1. For SER136 and LEU81, what does the FRET efficiency come to when R0 = 30 Å and r is the distance between their Cβ atoms, rounded to the nearest 0.05?
2. Which of [x] 20.5; [y] 23.1; [z] 19.0 is the computed Kirkwood radius over Cα pairs in Å for the structure on display?
3. Might you report the magnitude of the Cβ-based charge dipole of segment 155-278 about its Cα centre, with Lys and Arg at +1 and Asp and Glu at -1, to the nearest 20 debye?
4. Taking the Cα-to-Cβ direction at LEU93 and at ALA202 and moving 7 Å from each Cα, how far apart do the two end points lie in nm?
5. If contacts are Cα pairs under 8 angstrom and at least 6 residues apart, what is the relative contact order of segment 98-224 in percent?
6. Could you tell me whether segment 90-131 comes out rounded, prolate or oblate from its Cα gyration tensor? Rule is a ≥ b ≥ c as square roots of the eigenvalues, rounded for a/c under 1.5, then prolate if a/b exceeds b/c, otherwise oblate.
7. Enter the angle in degrees (range 0 to 90, nearest 10) between the Cα long axis of helix 269-278 and the first principal axis of the Cα atoms of the chain, meaning the one along which they spread out most.
8. Can you tell me, using C-alpha contacts under 8 Å and at least 6 residues apart, the relative contact order of the chain as a whole percent?
Amino acid sequence: MMKKKLSLLLILACILSLCAGSALAEIKESEIEDRVYDLIEEHTEYTRDQLRTGQIIWATNTHCWAMSAFLIDCPEDMEGLFSVNLDKEGNLLGEMRVPHKISVQVQLAYQLSACFNNEDCYLRLAEWKAKWSARSDELSLDDMHPFDRSMFELGITKPAEGSIPYEEAYQNAQTYLAQIPNWNESISALYYLHISCYHTPADIGKPVYFFKFHVEYDDSDALTSHFGEHYPAEVSLMVGAQDGSLVEIPIQDLVPTQFRHFDTLIRTEEVLEYVRNNTP
């Protein structure tokens, strides 16, 4: 009987030892990057020096580590994203997402999206339009997303000769923003530039610098304190490219927002109705 008890105790000790060893085997966050790159090199033809790390997060909903990486020199006709999930021990979960070919329409859309949230957005958009206009024989307007098609047909260019400099137009936009009723410079400073664009809206008939500002959500408490619950989430305005004037009333999209992100740039019928209803 004593021998049986000792045997059981030894078995139990071994099990506990294995459990402890398993717990110690959990991968550390500092080891995730190396582990993912090892897996990428093991399962694909890519090497670490071709990639840059995106994000590393612990996904609380799926209880796994997730890391993204990108091809440094990604061909234009490919999406260069890697996405890899690991369990707590560093084992690969599911299939890794790897770069793949994308259609011409998707290339156009990706490159358009990359223009926004940049100080030189207006130049990037002009270059995007010029590039894809030159490749128009590869495009099918019917296959484009309606927004991409609207942007492609918007007539975006670089500022024409005789236009005021972009920097002057931007300063004017900041001034007009602070002059909106119930606004001031402290409030306008809580908004960042999302889009800038030089074009000639069909209903305006003259070139403008378009600016769209978006709220910094970290400052939503300050905005709620100033405006109330329905504060402006986005504000768009146009500055005349020839004289620097405010072309029409600024368009404020209050929380909860009624416009899609780009409606005020492509000037949908809902936006035009807003302007008509709010112009003194």
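No lab work stands behind these numbers, since they all come straight from the coordinates. Keep in mind the model is a prediction, meaning the values are calculated, not measured. Using ideal geometry, Cβ is built from the backbone for each residue, glycine included, and neighbour counts are taken over all protein chains shown.
1. 0.65
2. Recomputing Kirkwood radius over Cα pairs in Å here picks out [y].
3. Working: 6 positive and 18 negative charges, 76 e Å.
Roughly 360 debye, rounded to the nearest 20.
4. Inter-label distance under the simple model: 4.9 nm.
5. 26 percent
6. Numbers: a/c = 5.76, a/b = 2.15, b/c = 2.68.
Note, shape of segment 90-131 comes out oblate.
7. For 269-278 against the chain, the angle is about 60 degrees.
8. Details: 370 pairs, mean separation 29.0, N = 280.
For the chain, the relative contact order is 10 percent.
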